[in-house]
Amino acid sequence: MTIASEVKQCVASLKGVEAGLSSLALRTQDDEEKRILHETMMVVNEVMKDVHKRVGELEREEPQYKGF
């Protein structure tokens, strides 16, 4: 597995974590837990954006990785 494909897989995993946190936030009844889950989801989203930017950099640096 190439570095680019591993980084893309990391983005996919982060999307799954974000979706899981969102689901938990919707199902919980406690307002404090909802707030914490939402804040954590936002942090994961920021990390995902940063990693996704890195995917773009990798694709520009190594065109053979584009589309993997």
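Quick rundown of the values:
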| quantity | calculated |
| --- | --- |
| The stretch 1-43 - residue that is more than 21 Å from LEU58 (Cβ to Cβ) and not in a helix (DSSP H, G or I) and, of those, least open to solvent (accessible area, probe 1.4 Å) | THR28 |
| Output for the stretch 20-68, where each listed residue is under 27 Å from THR2 (Cβ atoms) and among the β-branched types (Val, Ile, Thr) | VAL44, VAL47, VAL51, VAL55 |
| Close pairs (6 angstrom Cβ cut-off, 6 or more residues apart or separate chains): in contact (Cβ under 8 Å) with a residue 40 or more places away in the chain in the stretch 38-59, exposed (fewer than 15 other Cβ atoms within 10 Å of the Cβ) anywhere | GLU59/LYS66 |
| Of residues in the stretch 2-21 being more than 8 Å from the chain's Cα centre (by Cα) and β-branched (Val, Ile, Thr), the one nearest to MET41 (Cα to Cα) | VAL7 |
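The values are calculated or read from the model by the stated rules, or taken from the named source; none is laboratory data. Treat the numbers as computed from the prediction; the structure is a model and nothing was measured. So basically every Cβ, Gly included, is an ideal-geometry build from the backbone, and we count neighbours across all protein chains shown. Heads up: the accessible areas ignore ligands, DNA and RNA and are worked out on the full protein's heavy atoms, side chains in. Shrake-Rupley method; radii C 1.70, N 1.55, O 1.52, S 1.80 Å.
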